[in-house]
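Have a look at the structure below, then the notes.
The values are calculated or read from the model by the stated rules, or taken from the named source; none is laboratory data. Keep in mind that what you see is a predicted model, and the values were worked out from it rather than measured. Neighbour counts run over all protein chains shown; Cβ positions are idealised from the backbone, glycine included. To get the accessible areas, we keep the full protein, side chains included, count just its heavy atoms, and leave off ligands, DNA and RNA. Shrake-Rupley method; radii C 1.70, N 1.55, O 1.52, S 1.80 Å.
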Amino acid sequence: GKAVAITAEKGEEFLKKTEDTKVALFNILEDAKESEKNLKEERDRSQGIISSMGEGLFVVDSKCNIVLMNAAAEKLFGVKAEESLGKYWRDLITLYKGEAEVSKEECFVLDVLKENKTIDVGLEDNFYFKNSLGKKFPVVMTIAPLYVEKDTHAIIVFQDVGREKALEEARTSFISIASHQLRTPLTSIRWYAEMLEAGDAGALNEKQKDF
């Protein structure tokens, strides 16, 4: 009778532990589901932000192969994101410094990956992209390191600044033309003023000389 009682007690203890374990597992699973839900919501939110950006954005791995591209980059590159994944980014776009094509070996994305530094390219740096459709356009961009599971990636955010470049060139051209157009009459005025001051057109009184 005593052995049966001990066995029953151990059985109840085992059942209680089993029940406690089931409750603990249930709580863990619930927490995991909640975490997964939160992660999915955060991922969807981040993806929504990236997709809605007006600037082109793409991410390359340590070999400069594309791992992510947003809709704006698709449009500016003239390629689909799914077709670009895993490809070397300079195989999809040609980089220019002014009129000179920049070789793939001089790619500053490699500097970001090697030195873990951020690089900003402004309008005055005069860089251009030429996409797969043959369109060449000026760009400003920021290239920054991005750490993903012990591996260094680079995120490139860029913008087509064709309108801004055209305005800058128009401003420079206007200043050049205006200064040239002003210089010609001013030179003549200076010569005539010197002739008047020298008395070539007759003697001047003190007030006229002062003027």
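Being over 20 Å from Y96 (Cα atoms), in contact (Cβ under 8 Å) with a residue 24 or more places away in the chain and not hydrophobic (A, V, I, L, M, F, W, C) is the filter here; which residues of segment 128-172 pass it?
P145, D151, T152, H153
When you scan segment 61-76, how many residues do you find that are among the basic types (K, R) and in a loop (DSSP other than H, G, I, E, B)? Spell out how you get there, then give the answer.
We begin by selecting, within segment 61-76, every residue among the basic types (K, R); these are 63, 75.
Retained after the next criterion (residues that are in a loop (DSSP other than H, G, I, E, B)): 63.
Within segment 61-76, residues that are among the basic types (K, R) and in a loop (DSSP other than H, G, I, E, B) number 1.
How do the pairs read when you match residues in segment 51-80 that are basic (K, R) with residues anywhere that are in a loop (DSSP other than H, G, I, E, B), using Cβ under 8 Å and keeping only pairs 6 or more apart or on different chains?
Pairs found: none.
Could you list, ordered by first residue, the pairs with Cβ atoms under 9 Å in which the first is in segment 174-193 and on the phi < 0 side of the Ramachandran plot and the second is open to solvent by 70 Å² or more (accessible area, probe 1.4 Å), at least 6 apart or interchain?
Close Cβ pairs (under 9 Å, with a partner that is open to solvent by 70 Å² or more (accessible area, probe 1.4 Å)) amount to Y192/A201.
Enumerate the strands (runs of 3 or more DSSP E) found wholly within segment 94-211, keeping only those where 3 or more residues are at pLDDT 90 or above, open to solvent by 70 Å² or more (accessible area, probe 1.4 Å) and among the aromatic types (F, W, Y). Don't jump to the end; show me each part of the working.
Details: elements: 94-97, 119-121, 127-130, 136-148, 151-160.
Counting at least 3 such residues, we get no strands (runs of 3 or more DSSP E) at all.
For segment 77-93, how many residues meet the condition of being assigned to a helix (DSSP H, G or I) and open to solvent by less than 30 Å² (accessible area, probe 1.4 Å)?
Here is the first cut: in segment 77-93, the ones assigned to a helix (DSSP H, G or I) are 77, 81-84, 89-91.
Of the ones still in play, those that are also open to solvent by less than 30 Å² (accessible area, probe 1.4 Å) are 77, 81, 84, 89-90.
Count: 5.
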